[in-house]
Amino acid sequence: MQAPARLVRSLSTSPSRGSDGALPKFNPAPNFKLTQSPNPGWKWGEGLAPESSPLAKEWKEDEAKGWKSFTLKETHGKDVYMLLTSSIVPRPVAFISSLSGEDVPNLAPMSYFSLLAHDPPMVGVSFAIFRGIGKDTRDNILATKTFTVNIISEPFLDAANACSIDAPKEVDEWLVSGLTPEPSTVIKPARVRESAVSFECEYFHHHDLVSNYGPEMSNTFIMGSIKMMHVRNSVLSPDGVNVDPAKLRAMSRLGMFTYARVGDGIDIPIPMWAQKGEEVSKVIEEKSKNKL
């Protein structure tokens, strides 16, 4: 599918490209590391403190440039797509294996995806419907009630991305990608052997969404119950229950045609009221007095 002219222009003028328009080569070195907070001196109630770091100062100064506001129902659908997919980032990618009612396999990446709950273990995926035609993955899940979600890692990104091709329904994306179907344990659709983390899921619930521009159905949101999880030993932390992000090298989705690596992890402990409540209460009390 050919990209819109304005999209091609924005890609060709990206600051990461060289004078010839070419992107730099991929750096295979591990990209993930843990760092401190970007504002290590931050205190309760400070909000965005310009004096806490050069980045905070610059961010505060940028407020002077103002905002551009969009009433989405009055904005062209293509522009809404570009705005939302480039701003709600990074999005995890569900690499979904499914079977049709006639056992035709399908493999496709979906970026409207998230973990919904851990008890019960639940994932959610949204599928666009274009001119009344749903994606094969959506139709398969509604028909057969089972699917696998596989996490895409850097080493096989190109193979996974190849499965996004708008091929006819009868085309087997497993063959297009060259990836390996591994038999699942409790459901029929295979999981991806190359994936370090895979989930075997059963259909739980779905909800159809109506277009913002007319009466037709535009999306279907599907909830899946995770029944089995498979994790490659090599990506597990020594405790055996945490997946090491530096080893998983999971891919996420940005806007346009762009994927993203998992970069710096910022370690900031979640504050507990039992330890911080007295300190926080004093700040609240002081700020409340200043409002009077």
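A few notes on this one:
- Residue within the stretch 262-270 that is within 15 Å of the chain's Cα centre (by Cα) and within 30 Å of Ser198 (Cβ to Cβ) present: yes
- Leu55 passes every criterion in (1) open to solvent by 90 Å² or more (accessible area, probe 1.4 Å); (2) of a type in the set (A, V, I, L, M, F, W, C); (3) over 25 Å from the mean Cα position of the chain (by Cα); (4) at pLDDT below 85 apart from (4).
- Residue check, Val243 hydrophobic (A, V, I, L, M, F, W, C) and either closer than 29 Å to Trp44 by Cα or touching a residue at least 40 places away in the same chain (Cβ under 8 Å) (or both): yes
- Filtering Arg138, Arg91 for residues that are within 11 Å of the chain's Cα centre (by Cα) and charged (D, E, K, R) leaves a single hit, Arg91.
- Failed condition for Leu115, given (1) touching a strand residue (DSSP E or B) at 6+ places or on another chain (Cβ under 8 Å); (2) open to solvent by less than 100 Å² (accessible area, probe 1.4 Å): (2)
- Qualifying residue in the stretch 254-265 (condition: modelled with pLDDT of 90 or more and at positive phi): no
- Single match in Gly178, Gly132 (criterion: among the small types (Gly, Ala, Ser) and more than 26 Å from Phe26 (Cα to Cα)): Gly132
- The number of residues in the stretch 273-292 being under 15 Å from Lys43 (Cα atoms) and aliphatic (A, V, I, L, M) comes to 3.
- Ser97 vs. criteria surrounded by 14 or more Cβ atoms within 10 Å (Cβ to Cβ) and either at pLDDT 90 or above or not in a loop (DSSP other than H, G, I, E, B) (or both): yes
- Scanning the stretch 266-291 for residues that are assigned to a strand (DSSP E or B) and at pLDDT 90 or above yields nothing.
- Looking only at residues in the stretch 198-213 that are modelled with pLDDT of 95 or more and among the aromatic types (Phe, Trp, Tyr), the one that is least open to solvent (accessible area, probe 1.4 Å) is Phe199.
- Selection of the stretch 158-197 for residues being of a type in the set (Val, Ile, Thr), open to solvent by less than 70 Å² (accessible area, probe 1.4 Å), part of a loop (DSSP other than H, G, I, E, B) and modelled with pLDDT of 95 or more yields Thr180, Ile187.
The values are calculated or read from the model by the stated rules, or taken from the named source; none is laboratory data. Small disclaimer: the values here were computed from a predicted structure and weren't measured. As a convention, Cβ positions derive from the backbone with ideal geometry for all residues, glycine included, and neighbour counts pool all protein chains shown. Note: areas computed on protein heavy atoms with side chains; ligands, DNA, RNA excluded. Shrake-Rupley method; radii C 1.70, N 1.55, O 1.52, S 1.80 Å.
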